[in-house]
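Undergrad: Can you read through this structure? Questions will come right after.
The values are calculated or read from the model by the stated rules, or taken from the named source; none is laboratory data. A quick note: this is a predicted structure, and the numbers were derived from the prediction, not measured. Cβ atoms come from the backbone with ideal geometry, glycine included; neighbour counts cover every protein chain shown. These accessible areas exclude ligands, DNA and RNA; they are computed on the full protein's heavy atoms, side chains included. Shrake-Rupley method; radii C 1.70, N 1.55, O 1.52, S 1.80 Å.
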Amino acid sequence: MTTHSEPHTLTPPTPPTASTPSWTVTPEAFTTRDATVLRRAYYAEVAGRYWKRQVTEAEIDQGLLDFPDDGLVPPTGQFVVGRLGGEPLACGGVRLLDPDTAELTRVYVDRRARGTGGGAALLEVLEAQARALGAGRVRLDTRSGLVEARALYARHGYAEIPAYNDGPYAQHWFEKLLP
């Protein structure tokens, strides 16, 4: 089934201060309107950066079919949506690879909201979700070109490890032990 999202116009957020809204990150089905818009934006960005061009709606549709999010539901996983001042601007998922190991996936912050703490807020909630699933460690893979993501993970205690999968777009693998 092909899904299309309606255009979603957002105003650029203001970085949080004592007088502006902060991030809220909560579990949400990956099929909601907001989650779908964010998953499509995630795929458009990572595929576009990989292919060095803007991707088409059909390519996004195919990518979502090729890499489904169906493992991101309890009891094997969870999807979350982050909101800044009520605006859905971030998302991420966690799924169990085995009883002790969870994997982060679809971690995305809208470029207009980067630098406002959204990535840190996502990681905090995703790690809590991984612990709730029974995991003692979290892993993820990413690409060399996603330098912002690699820096985020390093800042939050993720260490590079040898490859744990052979994903077609994986070039760096990270792991963090959960307290």
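Undergrad: Toward the positive end of the charge dipole of the chain, about the Cα centre and with charges on Cβ (Lys, Arg +1; Asp, Glu -1), which of Tyr153, Pro27, Gln171 goes farthest?
TA: Of Tyr153, Pro27, Gln171, it is Tyr153.
Undergrad: Determine the dipole magnitude for segment 39-139: charges of +1 sit on the beta-carbon of Lys and Arg, -1 on that of Asp and Glu, nothing else is charged, the reference point is the Cα centre, and the result goes in debye to the nearest 20. Mind dumping the intermediate values first?
TA: Numbers: 14 positive and 14 negative charges, 85 e Å.
I would put it at about 420 debye.
Undergrad: So if the hydrodynamic radius of segment 112-179 is defined as the Kirkwood radius over C-alpha pairs, what does Stokes-Einstein give as its diffusion coefficient at 20 °C and 1.002 mPa s, in µm² per second?
TA: On the way: Rh = 12.7 Å.
It diffuses with D of about 169 µm²/s by this estimate.
Undergrad: Leu133 accessible area, nearest 10 Å², 1.4 Å probe?
TA: Per-residue accessible area (Leu133): approximately 40 Å².
Undergrad: Let's see if you can work this out: charge +1 on each Lys and Arg Cβ, -1 on each Asp and Glu Cβ, no other charges. What is the dipole magnitude of segment 135-176 about its Cα centre, in debye to the nearest 20?
TA: Values: 6 positive and 5 negative charges, 31 e Å.
Using Cβ point charges on Lys, Arg, Asp and Glu, segment 135-176 gives about 140 debye.
Undergrad: Could you give the length gained on full extension between Thr24 and Ala154, defined as 0.36 nm per residue of separation minus the Cα-Cα distance, in nm?
TA: Values: separation 130, 0.36 × 130 = 46.80 nm, distance 2.24 nm.
The span from Thr24 to Ala154 would gain 44.6 nm if fully extended.
Undergrad: Run a plain Debye calculation on segment 52-146 (Cα atoms as equal point scatterers, no solvent) and give log10 I(q)/I(0) at q = 0.16, 0.18, 0.19, 0.25 Å⁻¹, rounded to two decimals, same order as the q list.
TA: -0.74, -0.91, -0.99, -1.29
Undergrad: While we're here: If one computes the Cα centroid of segment 15-82 and of segment 118-179, what distance in Å separates the two points?
TA: 16 Å
Undergrad: For Tyr153, what accessible area in Å² do you get when you roll a 1.4 Å probe over the heavy atoms of the protein chains, rounding to the nearest 10?
TA: Tyr153 exposes around 20 Å² with every protein chain in place.
Undergrad: Determine the order of Phe174, Phe30, Phe67 by accessible area, beginning with the largest, at a probe radius of 1.4 Å. List each step's numbers first, then the result.
TA: Working: Phe174 10, Phe30 35, Phe67 80 Å².
Descending order: Phe67, Phe30, Phe174.
Undergrad: Sticking to Cα atoms, compute the Rg of the chain to one decimal and its Dmax as the biggest Cα-Cα distance, whole number, in Å.
TA: Spelled out, the Cα radius of gyration and Dmax of the chain are 15.6, 46 Å.
Undergrad: With charges only on Cβ, +1 for K and R and -1 for D and E, what is the dipole size of the chain about its Cα centre, in debye, rounded to 20?
TA: Numbers: 19 positive and 22 negative charges, 111 e Å.
Approximately 540 debye in magnitude.
Undergrad: Which of Glu59, Glu45, Glu103 moves most in a GNM of the chain, Cα contacts under 10 Å?
TA: Glu59
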